[in-house]
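Below is one structure; the comments refer to it alone.
The values are calculated or read from the model by the stated rules, or taken from the named source; none is laboratory data. Here the structure is a predicted model, which means the values were calculated and not measured. Glycine also receives a Cβ, built like all others from the backbone with ideal geometry; neighbour counts cover every protein chain displayed. The accessibility values were calculated without ligands, DNA or RNA, using every heavy atom of the protein model including side chains. Shrake-Rupley method; radii C 1.70, N 1.55, O 1.52, S 1.80 Å.
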Amino acid sequence: MEVTSIAALAAQSTQARAGNEVQIAVLKKALDLDAQGAMQLIDAAAQAGRANPPHLGNRIDTFA
């Protein structure tokens, strides 16, 4: 192999590694944002459930 081709392969490998690191960082940020959004939805659902009167949901009508 020539020295120039070895240098080119090393440069490509470095660029690929840097690209992968950036993609992983973006993926982690997206997962963090999704987790925050899910927690907000869970909190909102829990607060909405407390707004019902206490007599709702205590009995189930099983007559069919």
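Out of all the residues in the range 31-40, is one or more free of Cβ contacts under 8 Å to residues at least 40 places away in the same chain, acidic (Asp, Glu) and not in a helix (DSSP H, G or I)?
No: zero hits.
Determine whether Ala48 is loosely packed, with under 10 Cβ neighbours inside 10 Å and under 28 Å from the mean Cα position of the chain (by Cα).
Here the answer is yes, as Ala48 does meet what is asked.
Return only the number of the condition from (1) of a type outside the set (D, E, K, R); (2) in a helix (DSSP H, G or I); (3) open to solvent by 100 Å² or more (accessible area, probe 1.4 Å) that Thr62 does not satisfy.
Among (1) of a type outside the set (D, E, K, R); (2) in a helix (DSSP H, G or I); (3) open to solvent by 100 Å² or more (accessible area, probe 1.4 Å), Thr62 violates only (2).
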